[in-house]
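A.B. asks: Take this structure first; my questions come after.
Each reported figure results from applying straightforward, stated rules to the coordinates on display, with no laboratory input. Since we're looking at a predicted model, the values are computed, not measured. Every residue, glycine among them, receives a Cβ derived from its backbone with ideal geometry; neighbour counts consider all protein chains shown.
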Amino acid sequence: MNKTTIAGGNPDLSTAMHPLRQPRHLGDLINFRLQRCFALSGAPVVRLLEGRYSVTRREWRLLATLAEHGPLSPSELAEMAHLDRSRTSRAIGLLAEKGLLSRQVHPADTRRAQLTLTDEGRQLHAEVFPKVAAINSQLLDALDEPTLQALADAIAALTARAQQLNMDLVRDVKAERQSGGTRRMRSR
């Protein structure tokens, strides 16, 4: 078998003109495909969280992050949950109103806040996490072990490459924050 073929004589994706390498349509973009998978696979989790527990996916991510890492500042929580600070701040306020987390003054720095799960928050996490993990397992039942390992490796490689691209972009392009990301150009 030569370098450009795999079993069955199909072209190797690393050298063929695969649509993911040479996108011509929106559906050929890796981020579009990943987002579609995320939306479809996340829908049962969203229904579970919102329908049974009255928490959003974002609130759940923050709760689960606090459950795994313990007390965190709002900035640390946003970073660990991979969410922007303003949305995290709003979600923190809602979680505090629901009695699922508490905000105290940081013991080492009175200028900083420290977030912790309340007993209700810990109880919710303990009840919900196994259900979310079961949905995750049901989704992954579509893959055999070698394919699952290949997926894990591919996600790790794509994540590392995305981090590098972000670092390169930070050096090359300064964000125009005052214009905002949603501002549209006016027709002239």
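A.B. asks: So how far apart, in nm, are the two label points at I155 and I30 if each is 7 Å from Cα heading toward Cβ?
C.D. replies: Going by the 7 Å Cα→Cβ label model, 1.5 nm.
A.B. asks: How high is the relative contact order of the stretch 37-139, in percent, with contacts defined as C-alpha pairs under 8 Å that are six or more residues apart?
C.D. replies: Details: 104 pairs, mean separation 27.1, N = 103.
Worked out over the stretch 37-139, it gives 26 percent.
A.B. asks: Can you pull the three principal axis extents for the Cα set of the stretch 21-118, in Å, largest first?
C.D. replies: 54, 31, 21
A.B. asks: Which distance in Å, rounded to a whole number, links the C-alpha centroids of the stretch 18-77 and the stretch 87-148?
C.D. replies: The stretch 18-77 and the stretch 87-148 have Cα centres separated by 13 Å.
A.B. asks: Something else: Enumerate the amide H contacts of A113 below 5 Å, restricted to partners 5 or more residues apart or on another chain; note that Pro and chain-start residues carry no placed amide H.
C.D. replies: Placed amide hydrogens put H106 under 5 Å from A113.
A.B. asks: Right, next: Mind listing the long-range amide H neighbours of T118? Cut-off is under 5 Å, sequence gap 5 or more, other chains count too, H placed in the peptide plane at 1.01 Å from N.
C.D. replies: Result for T118 returns L101, S102.
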